[in-house]
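Here is the structure we will look at.
The values are calculated or read from the model by the stated rules, or taken from the named source; none is laboratory data. In this text, all values refer to a predicted model and were calculated from it rather than measured experimentally. Using ideal geometry, Cβ is built from the backbone for each residue, glycine included, and neighbour counts are taken over all protein chains shown.
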C-alpha cells in the first residue's frame, strides 16, 4: 500500500487522475522482486480539464461521488479505489459488489452506513437519496467496516488508513499524500522494499498482472 499510495501521490502531484485503479491495473515484479506499478492510463484525465466530468472506471472500485454523478469530483476517487484494493489485499475479495450503479451504492452503504447531513451534506440532495433511500429501510446507519476487518486481521493504525480511504464524503476522505503521513507507515524504512531508483528503473517485461477478483 505504501508503494501504491506513493505512485498515486506522484500522479496526483502532476494533476492526473487515473480513474480506474484496480488489481488488474497493478503490475507486480516477477519472483524475487517487490516492485509495484500502476498501469493502464486509458481512462486517465487531467485535473486541468474543467468539469463536468463523466463516470469512468470499473464499477466495484468506483467512488460514491462518481456513482452519484457528481460533476466535479477530484483525485480522491483514486484514493477510494486504493481503499478497495487495500481491502482486497487483506481479505481476498472486493468489499463492495453491485450489479449496477444503484446496487453498488447499496453495497457500499450496507457496509459503511448511509450518509446523513452530518457526515455528507451533499448526499441528501442527490436523486439516489430522494428516490432510492426511502425504499432501503434495512440499510444500517452506522459503519460495519470494522466487523469485516477485525483487529486480528488489521491493526488499529492500519484500519485508520483503510477507513480513511473508504470514507463516502470525499471532503473527509484521506488523500494519497495524507495517507502516507499516517503513523501506520512510520516504520516503512525498516521494511525490505526496493529503493526508489530500483522502482523507477524496473522493466515492464519483468512484470505481471495481479489476478482480477472483480470484473
Residues located in region 9-50, provided they are part of a loop (DSSP other than H, G, I, E, B), more than 21 Å from residue 154 (Cβ to Cβ) and touching a strand residue (DSSP E or B) at 6+ places or on another chain (Cβ under 8 Å): 15, 18, 19, 30, 35, 39, 41, 44, 47
Pick from region 9-39, criterion at positive phi and over 16 Å from the mean Cα position of the chain (by Cα), ranking: modelled with the highest pLDDT: 15
Condition met for residue 93 (surrounded by fewer than 21 Cβ atoms within 10 Å (Cβ to Cβ), part of a loop (DSSP other than H, G, I, E, B) and touching a residue at least 40 places away in the same chain (Cβ under 8 Å)): yes
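For (1) modelled with pLDDT of 75 or more; (2) closer than 17 Å to residue 37 by Cβ; (3) in a loop (DSSP other than H, G, I, E, B), each residue gets a yes or a no:
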| site | (1), (2), (3) |
| --- | --- |
| 153 | yes, no, yes |
| 160 | yes, no, no |
| 170 | yes, no, yes |
| 173 | yes, no, yes |
| 178 | yes, no, no |
| 194 | no, yes, yes |
| 205 | no, yes, no |
Test: residue 130 is loosely packed, with under 15 Cβ neighbours inside 10 Å, under 23 Å from residue 79 (Cβ atoms) and modelled with pLDDT under 95: no
Criterion (touching a residue at least 60 places away in the same chain (Cβ under 8 Å), outside any loop (DSSP other than H, G, I, E, B), more than 13 Å from the chain's Cα centre (by Cα) and crowded, with 18+ Cβ neighbours inside 10 Å) met by exactly one of 6, 81: 6
Counted residues, region 112-134 - those being within 20 Å of residue 160 (Cβ to Cβ) and not in a loop (DSSP other than H, G, I, E, B): 1
Residues of region 44-63 classified as within 22 Å of residue 1 (Cα to Cα) and either surrounded by fewer than 16 Cβ atoms within 10 Å (Cβ to Cβ) or more than 13 Å from the chain's Cα centre (by Cα) (or both), total: 1
